[in-house]
Amino acid sequence: MMTRTVYVNGRYLPYGEAGVHVEDRGFQFGDAVYEVCEVNGGRLVDETRHVQRLARSLMELAIRRPMTPAALSRVMRETIRRNRVTNGLVYVQVSRGARPRDFLFPPDHVEPTVVCLARSIPPGRLEAAAAAGIAIKTMPDTRWARCDIKTVMLLPASLAKEAARKEGAREAWFVDPDGHVTEGASSNAWIVDKEGRLITRQADIAILRGVARTTLIDLLKRENIELLERPFTVEEARAAREAFVTSATNTLMPVVSIDGQPIGNGSPGILTLRLRAEFHSAAEIADA
Ligand code: PLP
């Protein structure tokens, strides 16, 4: 088996030797942001949007930008190349750096920590999941008030996915105190109503503005499919014709049940599968 290589602060290291300092703020405070970009057939999908969102996350938290987009682009590609990833993902994380533990920010000269890794995902695994569709478990949204920032504070998401898995569900949908679905633990949530309109929550601070979400919206415009950006309730979702989630690595993943109740006829939706098949035609595709 090939040794995996990880980029850490300017160096490419063997997987087993790669590490960051024990006093890294990502480790102690969750003071770090990240991106996950799809690698599809040796191409990088929607790099520009991911890099722009990373810059926004950094800006919102006043973490210094560690390198130019061009340099980051080289790091991502080199990490993909060294790990021979044709289909899978590239992960970039930037923390505020390492410093003796203190709630206050470190002085300006402290360098952000940058990690990049790339991992293969057999395409057959995602296709099999999409052909079967996934189950969803709903649970209260216990996260913080700035879910628009892609931070590594993923404990609520981890707890939610674990609870979902115990009930045979692949994803959790968070529900706000009004009974509206915010988003998935690691995806955006969508339904198709009886009129064939798509509904997804508006991208306010309660959700992450998913890159796959934005690309799908471009595709919907091109295909003249009506979209309503508004909150929807769990009851509405249960009565929907189709449901699905979007994320960079899954693109569109059909949802076939919510809390054990089937959606539509209990199999992946026709429109969902059509949009899944067309998704990459609306995405930015570049050589990796
Ligand atoms: N919402 C949350 C909370 C996520 O963690 C993710 C991705 O990991 C998404 C939405 C989907 O975002 P993207 O389409 O950019 O992968």
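The values are calculated or read from the model by the stated rules, or taken from the named source; none is laboratory data. Please read all numbers here as calculations on a predicted model, not as lab measurements. Ideal geometry is used to build each Cβ from the backbone, glycine not excepted, and the neighbour counts take in all protein chains shown. Each accessible area value is taken on the protein alone, full model and side chains, heavy atoms only, with ligands, DNA and RNA left out. Shrake-Rupley method; radii C 1.70, N 1.55, O 1.52, S 1.80 Å.
When the chain is treated as a Gaussian network with alpha carbon springs shorter than 10 Å, the biggest mean-square fluctuation among Ser257, Ser247, Ser73 belongs to Ser73. The value of relative contact order for the range 40-142, using C-alpha pairs under 8 Å at least six residues apart, is 27 percent.
Note: relative contact order over the range 126-283, using C-alpha pairs below 8 Å and six or more positions apart, is 26 percent. Starting from the Cα gyration tensor of the range 126-283, take the square roots of the eigenvalues, sort them a ≥ b ≥ c, and report rounded, prolate or oblate (rounded when a/c is under 1.5, otherwise prolate if a/b is larger than b/c, else oblate). Rounded, since a/c falls under 1.5. Summing Lys and Arg as +1 and Asp and Glu as -1 over all other residues whose Cβ lies under 9 Å from the Cβ of Arg99 gives a net charge of 0. Ranking Pro106, Met139, Phe279 by how far each Cα lies toward the positive end of the dipole of the chain (charges on Cβ) leaves Pro106 at the top. A dipole drawn for the chain from +1 and -1 charges on Cβ atoms has a positive end, and of Ser73, Thr233, Ala130 the residue lying farthest that way is Ser73. Which GluC sites (Glu not before Pro) in the range 123-212 sit in a loop by DSSP (not H, G, I, E or B) and have at most 12 other Cβ atoms within 10 Å of their own Cβ? Filter output for the range 123-212: Glu167, Glu195. Evaluating kT/(6 pi eta Rh) at 37 °C and 0.692 mPa s, with the Kirkwood radius of the chain over Cα pairs in the Stokes-Einstein relation, gives 166 µm² s⁻¹. Based on DSSP H segments of at least four residues, each scored -39500 (n - 2.57), the chain has a per-residue ellipticity at 222 nm of -9000 deg cm²/dmol. Loop-located trypsin sites (Lys or Arg not before Pro) in the range 194-285 (DSSP state other than H, G, I, E, B) with a sparse environment of at most 12 neighbouring Cβ atoms within 10 Å: Lys194.
As a length-normalised measure over Cα pairs under 8 Å and 6 or more apart, the relative contact order of the chain settles at 19 percent. Which of the three applies to the range 34-160, rounded, prolate or oblate, going by the alpha-carbon gyration tensor with a ≥ b ≥ c and a/c under 1.5 meaning rounded? Oblate, since a/c reaches 1.5 and b/c is not below a/b. Rolling a 1.4 angstrom probe over the protein heavy atoms with all chains in place gives the chain an accessible area of 48 Å² per residue.
Of the GluC sites (Glu not before Pro) in the range 3-88, the ones in a loop by DSSP (not H, G, I, E or B) with at most 14 other beta carbons within 10 Å are Glu23.
Taking Cα centre as origin and charging only the Cβ of basic (Lys, Arg, +1) and acidic (Asp, Glu, -1) residues, the dipole magnitude of the range 5-121 rounds to 360 debye.
Of the solvent-accessible surface of the chain, computed with a 1.4 Å probe over protein heavy atoms with every protein chain present, carbon and sulfur atoms account for 54 percent.
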